[in-house]
1. Do you know which residues across the stretch 13-49 are acidic (Asp, Glu) and part of a loop (DSSP other than H, G, I, E, B)?
2. Report, by residue number, each residue of the stretch 214-253 that is part of a loop (DSSP other than H, G, I, E, B) and near the ligand (Cβ under 9 Å from one of its atoms).
3. Restricting the first residue to the stretch 219-236 and requiring it to be farther than 27 Å from VAL160 by Cβ, which pairs with a second residue that is surrounded by 14 or more Cβ atoms within 10 Å (Cβ to Cβ) and of a type in the set (D, E, K, R) meet a Cβ separation below 6 Å and a spacing of at least six or different chains?
4. So which of HIS261, HIS208, HIS256 is in a loop (DSSP other than H, G, I, E, B), within 10 Å of the ligand (Cβ to nearest atom) and within 17 Å of the chain's Cα centre (by Cα)?
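A short reminder: the numbers here are calculations on the coordinates, not readings from a lab. This one's a predicted model, so the numbers in the text were calculated from it and none came from an experiment. Virtual Cβ from ideal backbone geometry, glycine too; neighbours counted across all protein chains shown.
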Amino acid sequence: MCSQPPKVNDEGGCIEECLRLIPLIDRETAALGVTGGEPTLEPEGMLSIVRASKAFLPETALHVLSNGRMFAYLSLARALGAIRHPDLVVGVPLHSDLVHQHDWIAQRCGAFYQTVRGIVNLRRCGIDVEVRVVIHNLNVNRLLGIAEFIARNMPFVRQVAMMGMESIGLARRNLDLLWVDPYDYRRTLRDAVEYLTQRRMRVVIYNHQLCTLDHELWRYCCMSISDWKREYLPICAECAVRTRCGGFFAAGVTRHSEHIHPQDFEDES
Ligand code: SF4
């Protein structure tokens with residue numbers, strides 16, 4: 001189901017290229033993302049990129065996206081923690097609070113326990129974690145259960161990101177299975193966010209269009225889609241909140257909510 005699955009083509013040399021690039025990046029860059037595929041499949045490479053980022057871009061936040069499973073090995077979490085990067089967050093997806101459902105979505109037996117152990121190990125080693133819940137038709141009925149699981153078992157995470165799905169990679173191939181209109185789960189999402197915030201957990205909502213959500217949720221929404229892959233529909237031109245709406249993934253703009261409608265005023269709720 002992954003939007004960014006590992007590719008079969010040879011990506012040898014990619015880490016060396018990153019290591020050559022990092023010293024050339026503007027030192028005032030606010031944030032840098034390390035994604036894959038799965039960066040921990042090349043553990044030494046990932047560690048060298050984090051070390052180089054700390055050395056050449058000490059003021060730049062570093063966001064590593066990982067399925068978290070390799071951090072079930074405490075040695076890897078320790079090696080990452082030992083770098084002592086000043087502003088590192090590892091974003092890890094949790095697909096469900098149910099073991100079999102998480103494993104089914106990840107398409108790997110044992111993934112749930114490895115991911116949960118990985119998250120705990122990361123925090124044990126002083127690394128901040130963002131738990132990412134990518135919402136789709138296979139887990140939308142568990143949103144509140146996932147929120148409860150996180151609040152009870154991982155109250156230490158830096159934040160919980162409730163995310164709309166990017167329909168590329170394997171997600172695009174399985175779109176009929178995965179698609180759910182965000183408007184249809186807006187109430188469940190509101191309940192899950194409320195549950196987490198009442199327990200003093202920080203929540204952000206990524207990749208959602210404001211008009212598909214209840215106004216109470218707008219304050220949690222971020223402009224999370226990179227500008228080079230963000231698009232809007234022609235009707236968005238009339239919308240009063242376009243400048244604060246996250247828009248659509250360019251790749252997913254052909255399949256979108258049936259409830260996209262321009263807003264008449266800037267709601268400050
Ligand atoms: S109409 Fe377009 S710009 Fe306005 S909230 Fe909806 S998606 Fe965003």
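1. ASP26, GLU28, GLU38, GLU42
2. TYR232, LEU233, CYS239, ALA240, VAL241, CYS245, GLY246, GLY247
3. Note: pairs meeting the criteria are CYS236/ARG242.
4. Result: HIS208 is the single residue among HIS261, HIS208, HIS256 that is in a loop (DSSP other than H, G, I, E, B), within 10 Å of the ligand (Cβ to nearest atom) and within 17 Å of the chain's Cα centre (by Cα).
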